Structures are given as C-alpha cells and as structure tokens.
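Structure first, then comments.
A short reminder: the numbers here are calculations on the coordinates, not readings from a lab. Remember, it's a predicted structure, so these values are computed and weren't measured experimentally. Here Cβ is always computed from backbone atoms with ideal geometry, including for glycine, and neighbour counts include all displayed protein chains.
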Amino acid sequence: MTPWNNASPSPGRLSPWQSPVVTTLPDEASFGCISTIVRQVGHVYALAISSADGLLYTGSETQNIRVWKQPSFNESGCLRSGSGSVKAIVTFGNIIFSAHSDHKIRIWRRGQRIGTLPTVKDKLQSSVYPSNFIRVRRHHKALWIKHIDVISSLAVNEEQDVLYSGSWDKTVKVWRMSDWKCAESIHAHNDAVNCLTVGPGGLLFTGSADCTVKVWRRLKVKHILMQSLDLKHSAVNGVAVSADGGILYAGSADGIVNYWEKEKSSNSMQHAGFLGGHRLPVLCVATVSNLVLSGSADKTIRVWRRDAGTLHTSLIVLQGHGGPVKSIAATVDDFNGFACVYSGSLDRSVKVWRIQCDNAAGCCKRIQCCRPAGSNKSWAPRNLS
C-alpha cells in the first residue's frame, strides 16, 4: 500500500495505530488539539511534513515510516526499512531521507527506497585504500565515509544541494546529492551530535552533548568553524533558526531555550536571552512564522511569539501528551493565519495542534523538526545500487 494511489487500504496491511481522534475547534478558539493518533507499540522519535505533497511522515522504534494524509490524518502507507529504528526524517521536494539506529541513511521517492548511504559500491571502493580508514577506538578502525554510531539528525542545504547527517559518533557527514557520495566528514564536537539545522545563507548549526552549539560555513568543498557558543554545563538537544536567519535557538537539558542574535556588523552570534518555563530537559525546538516552539521531557510544548527584535512573549503551554515530546514539525496556513503543529512523543502518539499566529513578522513555509525540511521544488535524483 502506498499513499500515491487511490486504492483503499487493506485491513490486513494496516499498522497497529488506532483511528485518529479528530476534534473541530470553535471558531473563536485561538489554539487547541485537533487530532490525536495513538500507536499500540513503539515510541515516536521523528516526524516531518512534505511540502511537495502535504503528507505527514512519522518514524518510531518499529523500523518503518508511516505515512498520513492531511487534513484527514488517515494512514496512507508505509515505508519499510527492514532494519534500525527511525531516529530522524527530513524531506526535500519529492524525496524523503530517514536516519536509522543501524548507522545508515535511507532515501525514498514515491514510496520506493531508491538507495542507502553510504552505498555498497562506495564502501567497497574505499576499503581498497588504507588511507580511507580512521581510528575510531583503541585498536579499532573504520571507513571515514560511514557513521559508527546512531545517526541522530538530518538537514538539507538547499543552496548547495548537500545533505548533512549528525551522529553520536561526534561527527557530521556531508553528502553530495548529485552523486550520493560522502564529500566530507567533520569532527564537529567532543561528544555526541544531538541536533543540527541549516539557516538562510547555508550556515550549518550543530548542537551537542558537549554543551556547545557550533556555527559552520562551507567554503568550496570544506566546512570551517565560524563560532562556538558555550552553554556551560547543559547538553544541547535541539536547534532552530528564525525565518530571516537573525535568531538562533537552542534547547538544552536544563529546560532552557537560549537564543542568540546575529550582529549585522560582524555576522557573529551574540547571546540575547533565554526562554524558560520547562521543568525538565528541552528535547526539540522549531520555528514557524513568528512563533518559537519547544518540546520537553515534562510532556508539554511551550509556544512563544517573537515580537520586535529579540523580544519574545510567552503565549501558551500545550498539554496532553503522556510522555516526553521528542519531535516537532510546523507549517502555516497563509489563508487563515493559523499554524499547524505536529508533535511526536514517547507516549506512542502524534498530536496535531492548531495555533493562531500573527503573520506580521512574515511567514516561513519551511517546515522544521529541529531541523529544516524540504523545498517545494520537484527533484528526481538517480537511483542507487
């Protein structure tokens, strides 16, 4: 069963998700939960919305990616990976990338898997040359083109057509989407890379358990470190950038969302404040329009509105999940001024929230799940062996 045909789903092929509970909000309501999808087994680790077809993709510990139609929230298909729980999902046009706990990245198009990174061919060719092996532990070596630990996050640099993958092995791999080769391996942090995102202008932001956020710029074929932002004694679990690229947000284990403003004179990031309120670690951060959203281990989602400059106003606290909120994605309906927020939780559920937002600050149609998702352009890469 795929979401790209009109055939009715076969009952025997449906996943063990309960039918979604859909609620119609009163016209005067400014926010609320409009749908809840509960799974009988499996924590929800990742989700993303495709701007190309409007489908919702959810990943969990069951190895497969479930596909949901909008706005009915009916299950519409399944992408079967066969190995490794799904840790991150990102979309780019009509392509879906998924990261798995088996240290691999899978590439999908229209319901079909078209490749796995790194490719078998590249691994075989690289293994011929001893110089392609790097020391990863005492008396252990591995090819530099592959991750040796869980891949925690994905992001796409649309301007340069590269895919980034961050891993608990402390590295960020850079994949060329023209030929699917690993172009660079960045030893980004001294501890696990938990999150990454790409901002306007192609800047790469990475957050780590080493309590830092780092800013990178790609020059020709290599990335150089532009700035390192220290959060003292708190691991970074989520990063996001405002639509104009002027504000960087980082959610950390102390329950705080710190933010930095880009200085026009130097283009460096200067600490401008923090957003507090969570009682437990912040696990994910996202931005949409003039809203900032953070999901936490305290089972809540907090929403702030960015006003003039770096001034932020606390709007609402979304409650309803029975477990930590692990991932957030959001998009804006330009016609009615509402944001649609999707949250995935370790309570085995996905919730859909409707929030009124002020579009005066400008809408950002880029969908984020602690990282940017894809563009609206159709893109068809070659198949992989």
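Against the empirical 2.2 N^0.38 Å (N residues), the stretch 17-361 has a Cα radius of gyration ratio of 0.96. Summing +1 for each Lys or Arg and -1 for each Asp or Glu among the other residues whose beta-carbon sits under 12 angstrom from that of SER349 gives +4. Counting Lys and Arg as +1 and Asp and Glu as -1 over every other residue whose Cβ lies under 10 Å from the Cβ of GLY322, the net charge comes to +1. When HIS321, HIS312, HIS271 are arranged by Cβ crowding within 10 Å, least crowded first, meaning fewest neighbours, the order is HIS271, HIS312, HIS321. In this calculation the C-beta distance from ARG80 to ARG135 is compared with R0 = 41 Å, giving a FRET efficiency of 0.70. When you count the other C-beta atoms within 10 angstrom of each residue and take the mean per peptide, 122-131, 109-118, 165-174 line up highest first as 165-174, 109-118, 122-131. Fewest neighbouring Cβ atoms within 10 Å first, the residues LEU56, LEU225 line up as LEU225, LEU56. Annotation for GLN125 and ALA142: the two label points, set 7 Å from Cα along the Cα-Cβ direction, are 2.2 nm apart. Take the cross-link list LYS181/LYS222; LYS214/LYS351; LYS121/LYS220; LYS87/LYS220; LYS214/LYS262 and give me the ones stretching past 24 Å between alpha-carbons. Flagged as over cut-off: LYS214/LYS351; LYS121/LYS220; LYS87/LYS220.
Only aspartates and glutamates eight or more places from LYS326 in sequence, or on another chain, were considered; those with a Cα closer than 15 Å are GLU61, ASP298, ASP347. Think of each Lys and Arg Cβ as +1 and each Asp and Glu Cβ as -1; about the Cα centre, that makes the dipole of the stretch 17-361 roughly 1400 debye.
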